[in-house]
1. Quick check: is even one residue across region A:121-140 surrounded by 15 or more Cβ atoms within 10 Å (Cβ to Cβ), touching a Ser or Thr at 6+ places or on another chain (Cβ under 9 Å), within 14 Å of B:ALA88 (Cα to Cα) and without any contact (Cβ under 8 Å) to a residue 24 or more places away in the chain?
2. In region A:28-43, is there at least one residue being in contact with a helix residue (DSSP H, G or I) (Cβ under 8 Å, 6 or more places away or on another chain), in a loop (DSSP other than H, G, I, E, B) and touching a residue at least 12 places away in the same chain (Cβ under 8 Å)?
3. Which members of region A:74-105 meet the condition of being in contact with a helix residue (DSSP H, G or I) (Cβ under 8 Å, 6 or more places away or on another chain), more than 9 Å from chain B (Cβ to nearest Cβ) and assigned to a helix (DSSP H, G or I)?
4. Of everything in region A:106-118, what is more than 19 Å from A:ALA31 (Cα to Cα), among the hydrophobic types (A, V, I, L, M, F, W, C) and either in a loop (DSSP other than H, G, I, E, B) or at pLDDT 95 or above (or both)? Give them in sequence order.
5. If you scan region B:58-83, which residues turn out to be out of contact with any strand residue (DSSP E or B) (no Cβ under 6 Å at 6 or more places or on another chain) and closer than 25 Å to A:ARG130 by Cα?
6. Exactly one condition in (1) among the hydroxyl-bearing types (Ser, Thr, Tyr); (2) without any contact (Cβ under 8 Å) to a residue 60 or more places away in the chain; (3) in contact with a Ser or Thr (Cβ under 8 Å, 6 or more places away or on another chain) is not met by A:SER47; state its number.
7. So, of the residues in region A:74-86 that are crowded, with 16+ Cβ neighbours inside 10 Å and free of Cβ contacts under 8 Å to residues at least 24 places away in the same chain, which turns out to be nearest to A:ILE26 (Cα to Cα)?
8. Of the residues that sit in region B:54-98 and are among the β-branched types (Val, Ile, Thr) and more than 9 Å from every other protein chain (Cβ to nearest Cβ), which one is surrounded by the most Cβ atoms within 10 Å (Cβ to Cβ)?
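The values are calculated or read from the model by the stated rules, or taken from the named source; none is laboratory data. Predicted, not measured: the structure shown is a model, and the values here were computed from it. Because the Cβ atoms are built from the backbone with ideal geometry, glycine has one as well, and the counts that use them run over all protein chains shown.
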Amino acid sequence: MPGKLFARRRDGRIEVRLNDAGRGAIREVFAHVLAAERDPEHEWHLSLNAPINPSSDDDDPLASLTRQNEIASNAELSIMTLKEQYLNDTEAWAWLSTLQVALRSTAVVNGLLSDEKLETCAPELLDDIRTMQQFLFELAACF
Amino acid sequence: MQPLRFSSTESDVESEVAVITERPWNVIVWNDPVTPMTVVVVIFKRIFGYSNNKCTDLMLTVHHEGRAVVWSGQRERAESYCVKLQVAGLQATVERDA
């Protein structure tokens with residue numbers, strides 16, 4: 001169907017129909033997630049390290065490390081497959097997870113924790129959020 | 001022929017009773033204003049293998065009530081599921097059942 005950004009093919013692969021501008025936008029998002037996971041000073045770093053059990057003073061370090069590794073691994077796989085025309089299931093899941101991590105981090109860092117806040121945020125920020133939502137919406141339809 | 005299943009022993013039954021009487025740990029998913037609903041459904045389906053209907057019901061509970069218990073049970077498994085949900089970009093926590 002024309003206009004779709006992602007399409008599940010009969011052989012199970014997911015076709016990426018993004019143009020250069022679309023891939024460029026996604027590259028920037030993926031790179032941010034990877035940087036945030038590696039750099040404690042990155043503005044998204046805290047949102048990637050949310051508590052697992054808020055009633056406990058510290059989370060299980062193994063669980064935190066697992067999360068850190070998996071988020072970074074998804075972002076790395078996403079970056080490595082940026083230029084692919086077709087993604088397998090694992091690659092497409094890495095794209096979806098990394099995009100969703102970026103979307104939520106953007107919301108958390110900008111204090112967009114309610115519908116009202118979202119609707120009154122800066123137009124440029126809202127535009128970025130709507131773009132990520134569109135990517136996610138279309139990619140999720142392939143699963 | 002070897003038996004294909006283990007038979008329960010007295011100690012098995014005792015430990016099962018002990019597990020059942022402990023308060024379970026809940027995995028909670030919290031609402032946020034940006035995540036598309038379809039993405040939440042897809043993530044639940046992928047991580048828990050629930051039916052479409054159950055995933056949609058849970059997503060709607062998150063949306064309308066601000067949170068939903070998406071899984072209950074042993075602490076280690078609850079934390080593992082919570083991490084998977086966080087890796088997929090959802091806001092999730094664990095808490096002991098009240």
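1. The answer is no, given that none of the residues of region A:121-140 is surrounded by 15 or more Cβ atoms within 10 Å (Cβ to Cβ), touching a Ser or Thr at 6+ places or on another chain (Cβ under 9 Å), within 14 Å of B:ALA88 (Cα to Cα) and without any contact (Cβ under 8 Å) to a residue 24 or more places away in the chain.
2. First pass over region A:28-43, keeping only residues in contact with a helix residue (DSSP H, G or I) (Cβ under 8 Å, 6 or more places away or on another chain): A:29-34, A:36-38, A:42-43.
After this cut, where a residue has to be in a loop (DSSP other than H, G, I, E, B) as well, the list is A:42-43.
Adding the requirement that they be touching a residue at least 12 places away in the same chain (Cβ under 8 Å) leaves A:43.
The answer is yes; a qualifying residue exists.
3. Keep residues of region A:74-105 that are in contact with a helix residue (DSSP H, G or I) (Cβ under 8 Å, 6 or more places away or on another chain), which gives A:74-79, A:81-84, A:87, A:90-105.
Then keep just the ones that are more than 9 Å from chain B (Cβ to nearest Cβ); that gives A:75-79, A:81-84, A:87, A:90-92, A:94-95.
A:ALA75, A:GLU76, A:LEU77, A:SER78, A:ILE79, A:THR90, A:GLU91, A:ALA92, A:ALA94, A:TRP95, listed by residue number.
4. Passing the criteria: A:LEU112, A:LEU113.
5. Taking region B:58-83 first, the residues out of contact with any strand residue (DSSP E or B) (no Cβ under 6 Å at 6 or more places or on another chain) are B:59-60, B:63-66, B:73-74, B:76-77, B:80, B:83.
Scanning region B:58-83 gives B:MET59, B:LEU60, B:HIS63, B:HIS64, B:GLU65, B:GLY66.
6. Unmet for A:SER47, out of (1) among the hydroxyl-bearing types (Ser, Thr, Tyr); (2) without any contact (Cβ under 8 Å) to a residue 60 or more places away in the chain; (3) in contact with a Ser or Thr (Cβ under 8 Å, 6 or more places away or on another chain): (2).
7. A:THR81
8. B:VAL70
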